[in-house]
Amino acid sequence: MSQKVLLNATEVHIALQRLACQLIENHDTFENTVLIGIQPRGVFLAERLKSILESDYKMKDLKLGYLDITFYRDDFRRSNKILEANKTKIDFVIEDKKLVFIDDVLYTGRSIRSALTAVQSFGRPMEIELLTLIDRRFSRHLPIQPDYRGRQVDAIGDEKVKVCWKEQDGEDAVYLVNN
Amino acid sequence: MKELSVNHLLGIKYITEDDIHLIFETADHFKEVINRSIKKVPSLRDITIANLFFENSTRTRLSFELAEKRLSADVINFSAASSSVKKGETLIDTVNNILSMKVDMVVMRHPNPGAGVFLAKHVNASIVNAGDGAHEHPTQALLDSYSIREKLGDVAGKKVVIVGDILHSRVALSNIFALQKLGAEVKVCGPKTLLPKYIDKIGVGVEGNLRKALEWCDVANMLRVQNERMDISYFPTTREYTQQYGVNKALLDSLNKEIVVMHPGPINRGVEITSDVADSKQAIILDQVQNGVAVRMAVLYLLASKIKPHED
């Protein structure tokens, strides 16, 4: 197994700042916008963006929820991977709001497809956008594209993109792992 | 871990402590789901479940059916009263006929102890025991322990007394197994005639006096007197039973602590429990019912995850 650094801590930081600014461009004061971190790994990115928006850009009353998609996945019983559910926490109304889904890596698009179904249980949002730190180009199974992306990556076949967060893994970095 | 050690839920006896914790953690997520405005997830949309009830039931049957529907499974219902069982069909034949219609899971209640175990050996489907005679009622025990965990934070180290007709009760036996596996202390309390002879051999304490039992416990699980299973007279009169083994508000108020009161239903108001207790804040009877749906969703979901999609 070999791994190569795609983004180091500084580059992750720059990408996060840019993504935060792009969100402000489109959502102004976030009055009618809610952020939804996709469980489990999208939550770290979502929390990070929220704290940048609050501390660096003085945004107030940001709404951030977590959405777990386990029960909505299309590979239930079909994958040998054991699916483990995480907490869903959306304690505000999403009806007629602008939603931004936040996830760390966009790969096949199937997680986002599941998230689109899952979020309907909470109401009918006005629109939904997608923000991802890493967009793995050429690997989509579904017609789903991000509205905001940190970095586009051409990863092939059995290569894996690993996103590390200081809170969880001890450092901010993105690796391309070759099995 | 993160997968059940069994392919069927036949009784608490056959599952591990880890299995119970996994079911509880999964039930936590489903409890959140059933409190949403849209209370449904698509997980089991390609699973068909047959509910076979060879014995009467209201709560368990509705609870299972609701759990199945909230998981988007296809459901067929069967009750013995209106079926060919009356014409002399055997259990295996009945179930195999139903399974040939491509049914993946069977939820069964049956008057004979061990009916679920027998079926699991002979037919190709995942079996969930919804009560087999006086043997086990595993989902009831799971939801009871889940409700204790929800109310008191943990089951381990808690003292639970099961009061009433232990002899004829599948709820009692499953509860004893579940509580012991989770590390709780269990006592039973009731007239001697309604306590199984060797109950102390499975590590259960026996207390003849209800007041002493209540003073000892954190949780009292009140069982119904199962008149329909009684072939002889086990106590002189219902009135005498109530006086010795029924809980009322005055008795609860005279204890020096507030205990949690549970009842698996159906309640015989005024016999094992008075109305003012059943409707009081100490009673978590309706929480038990709500948790029943979440716990059954967890059981069905976890068992279904072990069924591979049909090859044909």
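Throughout, read-outs are computed from the coordinates displayed, never taken from laboratory work. Bear in mind the structure is a predicted one, so any value in this text is a computation, not a measurement. Here the Cβ is made from the backbone with ideal geometry for all residues, glycine too, and neighbour counts use every protein chain on show.
Structure data summary
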| item | result |
| --- | --- |
| Under 13 Å from the Cα of B:Lys2 - aspartates and glutamates, other chains or at least 8 residues apart | A:Glu84, B:Glu17, B:Asp18, B:Asp19, B:Glu25 |
| Estimated 222 nm signal from helices in chain A, with DSSP H stretches of n ≥ 4 weighted -39500 (n - 2.57), rounded to 500 | -8000 deg cm²/dmol |
| Estimated [θ] at 222 nm from DSSP helical runs (n ≥ 4, -39500 (n - 2.57)) normalised by residues in chain B, nearest 500 | -11000 deg cm²/dmol |
| Equivalent ellipsoid semi-axes - Cα gyration tensor, chain B, angstrom | 33, 22, 17 |
| Charge context of A:Thr88, other residues only, Cβ under 12 angstrom, K/R +1, D/E -1 | 0 |
| Environment charge of A:Asn178, counting only residues whose C-beta is closer than 10 Å and scoring Lys/Arg +1, Asp/Glu -1 | 0 |
| Estimated FRET transfer efficiency when R0 is 41 angstrom, pair B:Lys102-A:Asp169 (beta carbons, to 0.05) | 0.35 |
| Full-stretch length increase - A:Glu127, A:Lys60 - with 0.36 nm per residue and alpha-carbon distance subtracted | 22.0 nm |
| Global size of the stretch B:213-267 as Cα Rg and Dmax, reported in angstrom | 13.0, 39 |
| Gain upon complete extension [A:Glu31, A:Asn179; 0.36 nm per residue less C-alpha separation] | 48.8 nm |
| For peptides A:146-156, B:134-144, sequence by mean Cβ density within 10 Å, most packed first | B:134-144, A:146-156 |
| Cα-based convex hull volume of the stretch B:138-285 per residue, rounded to whole Å³ | 100 |
| Cβ-derived FRET efficiency at R0 56 Å, A:Lys81 paired with B:Lys192, nearest 0.05 | 0.55 |
| Lysines whose Cα lies under 17 Å from that of B:Lys151, excluding same-chain neighbours fewer than 8 positions away | B:Lys31, B:Lys159, B:Lys257, B:Lys281 |
| Cβ-based net charge around B:Trp216, under 11 Å, with every Lys or Arg adding one and every Asp or Glu removing one | +1 |
| A:Gln152-B:His21 FRET efficiency (beta carbon distance; Förster radius 60 Å; 0.05 resolution) | 0.90 |
| Distance in nm between pseudo-label sites at B:Asn56 and A:Asn8 (7 Å out along the Cβ direction from Cα) | 7.7 |
| Fraction of antiparallel bridges per DSSP, the protein assembly as shown only, in percent to nearest 5 | 20 |
| Segment B:Asn268-B:Ser79, length gained on full extension (0.36 nm per residue, minus Cα span) | 65.6 nm |
| Shielding by partners, peptide B:34-42 (average Cβ within 10 angstrom, other chains) | 4 |
| Protection proxy ranking of B:185-196, A:118-129 - average other beta-carbon atoms within 10 Å, highest first | B:185-196, A:118-129 |
| DSSP beta bridge pairing in chain A, given as percent antiparallel to the nearest 5 | 35 |
| Per-residue mean of C-beta atoms belonging to partner chains within 10 Å, peptide A:68-77 | 5 |
| For the protein assembly as shown: Kirkwood Rh in Å [reciprocal of mean 1/r, alpha carbons] | 25.4 |
| Cβ crowding within 10 Å averaged over residues, with A:74-86, B:262-274 ranked highest first | B:262-274, A:74-86 |
| Shielding score for B:293-305, defined as the mean number of other chain Cβ atoms within 10 Å | 1 |
